[in-house]
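Colleague: Have a look at this one before I ask anything.
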Amino acid sequence: MKIIRPILNDTGLTLVELMIVLVLSLLLMAAVYLTYQLQHASGQSQTQVVATQQDLRAAMDIISIDIMNSGANPDYSVTKLELQGITNTSGAASLELVMDLNDNGTTNGASDIGEDVIYSLQGTSLTRTCVNPVVGNITQPVANNVTQLAFTYLDSQYTPIVPAGTLTNTQAQSVKFIQVAITKNSDQVDPQTHKPVTRHLQRTVCRRNG
C-alpha cells in the first residue's frame, strides 16, 4: 500500500517576493490616482468653460434686450435723435441707448423722466449704467474678467459705419444693426493649462427703431 503524505511547506513568502508584491501594489495605486487626477482636472476645466460661456450668454442677452427695446416711446410725433434709440455718444467700445423719453420729447423734463443706458468696459468689468436725471447714475456689473467689448454699427445694407471716436448724428440715425462682440476670461484658471479659459461671443442685433 502506498502511503500519501501531505506536502507541508511552512516557509512562507521570501523578502524578495514580498517586495515585488509591494512594488506592484504601489504601481497599481499610482495608476488609479493619476487617472483620478486627470478626470478631476478635466471636469474642472469643463466647469470653467461652461461657466464662462453662460456668463457670456447672459451678458449678451441683457445687451440685446436693451438694444431691441431702445427708443421705446408712445409719442412718435416727436422727431428727435433720441427716438432712434442710439445716441451720438456711442463709440466702438461703448454704447449709449435711450430707453425712454418723457411726455414732451426731451430727456430732462419735469414729468415721465427718460432714461439712458450706457454699456462700457471699466477695467475688466462690463458695466451697465442707468442714467436717470432724478435718482442719478446707477452702475451695475454685467460680467467680470472681460478683456474686450466692441460694437460694430451697420446700416440697412450691412455696411459698417465707422465712428471717428463717437458717432455723428447722421451716423447714429442710419444705424440699423449693432454687432456686439465680447471676450471673457474664466474666473479661475484651468487646472490643466494653469491659464484662464478664454471665450468669445459675437451677435448682431436689429434695432427696434432702426
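The values are calculated or read from the model by the stated rules, or taken from the named source; none is laboratory data. From a predicted model like this one, the values you see are computed outputs, not experimental measurements. Because the Cβ atoms are built from the backbone with ideal geometry, glycine has one as well, and the counts that use them run over all protein chains shown.
Colleague: Taking region 112-128 only, how many residues are at pLDDT 90 or above and not in a strand (DSSP E or B)? Don't jump to the end; show me each part of the working.
Modeller: Applying the first criterion (at pLDDT 90 or above) to region 112-128 yields 117-128.
From what's left, not in a strand (DSSP E or B): 123-124.
Going through region 112-128 one residue at a time, the tally reaches 2.
Colleague: On the given criteria, is Ser42 at pLDDT below 80, more than 30 Å from Gln171 (Cβ to Cβ) and surrounded by fewer than 10 Cβ atoms within 10 Å (Cβ to Cβ)? Full working, then the answer.
Modeller: Values: at pLDDT below 80: yes; more than 30 Å from Gln171 (Cβ to Cβ): yes; surrounded by fewer than 10 Cβ atoms within 10 Å (Cβ to Cβ): no.
Judged against the criteria, Ser42 is not a match.
Colleague: Further question: Considering (1) assigned to a loop (DSSP other than H, G, I, E, B); (2) buried (at least 18 other Cβ atoms within 10 Å of the Cβ), say which one Gln192 fails and leave the rest.
Modeller: (2)
Colleague: Given the criterion out of contact with any Leu (no Cβ under 6 Å at 6 or more places or on another chain), surrounded by 17 or more Cβ atoms within 10 Å (Cβ to Cβ), at pLDDT 95 or above and assigned to a strand (DSSP E or B), identify the matching residue among Val197, Val131, Val142, Val180. Break it down stepwise before answering.
Modeller: On the way: Val197 fails: at pLDDT 95 or above; Val131 fails: at pLDDT 95 or above; Val142 fails: out of contact with any Leu (no Cβ under 6 Å at 6 or more places or on another chain).
Just one listed residue meets the conditions, Val180.
Colleague: Are any of the residues in region 149-158 outside any strand (DSSP E or B), of a type outside the set (Ser, Thr, Tyr) and more than 17 Å from Glu96 (Cβ to Cβ)?
Modeller: Yes, region 149-158 contains at least one residue that is outside any strand (DSSP E or B), of a type outside the set (Ser, Thr, Tyr) and more than 17 Å from Glu96 (Cβ to Cβ).
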